[in-house]
Amino acid sequence: MTSSQREVVICIDMGMTGTDGETANWTYRGLAQENTKSRPKWHMAPKTMMGLLSRGAANATGTLSPSTVPGGPGSQLELHRWVRHYLGAFCAEVVAVIDRDAAPKWRDADVIWNFTVPGSWSALPVVADFKRLAGEAVSPCFPNGKGFRICCDVKEATASAQSLLVEGSVSKKKEYEVGNVVISCDIGGATTDIAISTVSSAGTLTTWPQLETESAGMVSIEKEFWLHASHFFRSVGASNPDQLALEIARGKNFQRARAEFMKGRAEERVSITLPDSCNVEKWSPLEATSPRMSTINGGKLSIHRDVFESFFRQFAEHIEAALDEAVTTARTAKKEPAVIGFCGGGCRTEYAIKRFQSRYDPIPIADHTHLTIQPEMATVVGSTLIWDQNKLSEFTRETSFGIETSDSIKWRRAELNLAASNFSRAYPWVVNFPCNKHGSHNTHRMVMTSTPPPDNSSDALRLLNSKSWVIEVDLRKEKGSTLSWNRKYQLVCNIAGPRDIDFSAQSLVTEEDIPCRVTREGSYE
């Protein structure tokens, strides 16, 4: 990319569930021209046409497959049409928000739509070729034929792991070291995505192969409720019992009761206000064969706490089956997981988290309390972090760093910081320059260029894209040294981003930091 070009990255966590009151998770990042210092970023949550799929196919089955539930598609072809309609409406809404809030002519930039999807989607016929579906949905947003790119290489659980480890370190809940194995679990609406990853360097994860066990998301709770409610309404003679049960499952009253139960606040019986379409005002069994039986009283459906908990049990058991595979896979490779981390809206389910803590003890569990962001945003934030990592890797591949000597420049390329002791609190890329000096001070000039390295410093400093720094090293405080000794130390160029570069000095004898002062010069600004 040239200095006059811009790059716009739209990161989207592509879930398929929600209601009109819920919001989609995505970020829009406008990368300003290369010669500017700032990179504005907006985290937005526009209302979208969520619910096209959720309360039909996905809510009924917990997976993207045809359903016999009222309101859901009855075939793969119909479900495919629903997905295309949903994607088209979603992308149009995202573009409308960017048009409203972003800089003009943003479509003239290099536009990348970066989707994260569950790893299991590759095996589902309707969404297996999601990249093509997304391209068809985005294309109408660029009527003038302006090109764009679709990326969907990062899976939800991988992005979630990135957020869990970064945010866990930021919130000081836990540090993760290079070599740690982490299991991430993104509990979404239609699906739960689980992945195993290894901390390969500072801020970088290497994801293991996709697990085989599929797991449903929060919609499995609604499915169990729908089955219970439809059977109950049929037994009491309600009109259209299946449709009535579905209407309640879609409604805010059930969602509110579910949310309260997730937080452990439910009473002995859970009450849900019935819609006006229910023609039964009051019902209870003539003979109370069990206190756990559901009843209707005062226009409210009353469900025993144990029965309501059973809706969550299968949801938790599905996730446990996938987590069991992940833990077994890691241990078979003789890698004990350092943590099992949860994010997504479903990780707020106290009932499930308590089960997981008991089942997988002594492996530490990290839930939403370990995050400094909303758990629903973890995937899209992680996707943004991974995108930044990839851009940083691209930058380091194309950039050379040099130190000026008496007659030339010694050039080096950046390397991954494998010596970093934790996940996020270290620079991911470093360049080391060994030095030595007789005396108490030394001054160095460092040069950075994105073009092939020139042979001398004067040529390097004249390059338009080169940047330079002067580093003054104070060797007087180096422990165990005297003025007569030849001090051996190294200058370290620490790289966190194209505009986030720092320098430090370190003794090669004691490995302790040495004071230094850094001054930018040349065309850095």
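Here are Ser481, Ser504: which of them is hydroxyl-bearing (Ser, Thr, Tyr) and at pLDDT 85 or above?
Ser504
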Check your understanding: Restricting the first residue to the range 369-388 and requiring it to be under 11 Å from Asn114 (Cβ atoms), which pairs with a second residue that is in a helix (DSSP H, G or I) and of a type outside the set (D, E, K, R) meet a Cβ separation below 7 Å and a spacing of at least six or different chains?
Key -> Ser383/Ala159; Ile386/Ala159; Ile386/Gln162
**Study point:** Single match in Glu167, Glu175 (criterion: outside any helix (DSSP H, G or I), of a type outside the set (A, V, I, L, M) and assigned by TED's automatic domain parsing to the domain that holds Val339)
**Key:** Glu175
Point to revise | Number of the exception - Ile296 against (1) assigned to a helix (DSSP H, G or I); (2) under 30 Å from His228 (Cβ atoms); (3) of a type in the set (Val, Ile, Thr) | key: (1)
Practice item. Return a yes/no flag: does the range 311-319 have any residue that is closer than 17 Å to Ile221 by Cα, modelled with pLDDT of 90 or more, surrounded by fewer than 16 Cβ atoms within 10 Å (Cβ to Cβ) and of a type in the set (Gly, Ala, Ser). Key: no
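Here is a yes/no grid of residues against (1) within 16 Å of the chain's Cα centre (by Cα); (2) within 23 Å of Gly344 (Cβ to Cβ):
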{"site": "Gly135", "(1), (2)": "no, no"}
{"site": "Cys185", "(1), (2)": "yes, yes"}
{"site": "Gly188", "(1), (2)": "yes, yes"}
{"site": "Ser215", "(1), (2)": "no, yes"}
Point to revise | Scope the range 377-436; condition under 11 Å from Gly203 (Cα atoms) and among the aromatic types (Phe, Trp, Tyr); matching residues | key: Phe423, Tyr427, Trp429
Revision key, fill the gap. How many residues of the range 488-524 are without any contact (Cβ under 8 Å) to a residue 60 or more places away in the chain, under 24 Å from Ser393 (Cβ atoms) and among the aliphatic types (A, V, I, L, M)? The answer is 1
Study note, to complete from the structure: Counting only residues in the range 124-143 that are part of a helix (DSSP H, G or I) and free of Cβ contacts under 8 Å to residues at least 24 places away in the same chain, the one surrounded by the fewest Cβ atoms within 10 Å (Cβ to Cβ) is identified as Arg132
Study note, to complete from the structure: Within the range 92-123, residues among the hydrophobic types (A, V, I, L, M, F, W, C), over 19 Å from the mean Cα position of the chain (by Cα) and part of a helix (DSSP H, G or I) come out as Ala92, Val95, Ala96, Val97, Ile98, Trp106, Ala123
Exercise for review: Return the pairs, sorted by first residue and then second, in which the second residue is aliphatic (A, V, I, L, M) and loosely packed, with under 13 Cβ neighbours inside 10 Å, the first residue lies in the range 438-449 and is under 13 Å from Ile403 (Cα atoms), the beta carbons are less than 6 Å apart, and the residues are 6+ apart or on different chains.
Suggested key: none
Check your understanding: If you scan the range 170-196, which residues turn out to be surrounded by fewer than 22 Cβ atoms within 10 Å (Cβ to Cβ) and of a type in the set (S, T, N, Q)?
Key -> Ser171, Asn180
Practice item. Would you mind telling me which numbered condition in (1) surrounded by fewer than 15 Cβ atoms within 10 Å (Cβ to Cβ); (2) not in a helix (DSSP H, G or I) Leu301 fails? Key: (1)
Review point. Could you count how many residues in the range 380-432 are modelled with pLDDT under 85 and acidic (Asp, Glu)?
Key: 1
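The values are calculated or read from the model by the stated rules, or taken from the named source; none is laboratory data. Keep in mind it's a predicted model, so treat the numbers as computed, not measured. Don't worry about glycine lacking a Cβ; one is built from the backbone with ideal geometry, like all the others, and counts go over all protein chains shown.
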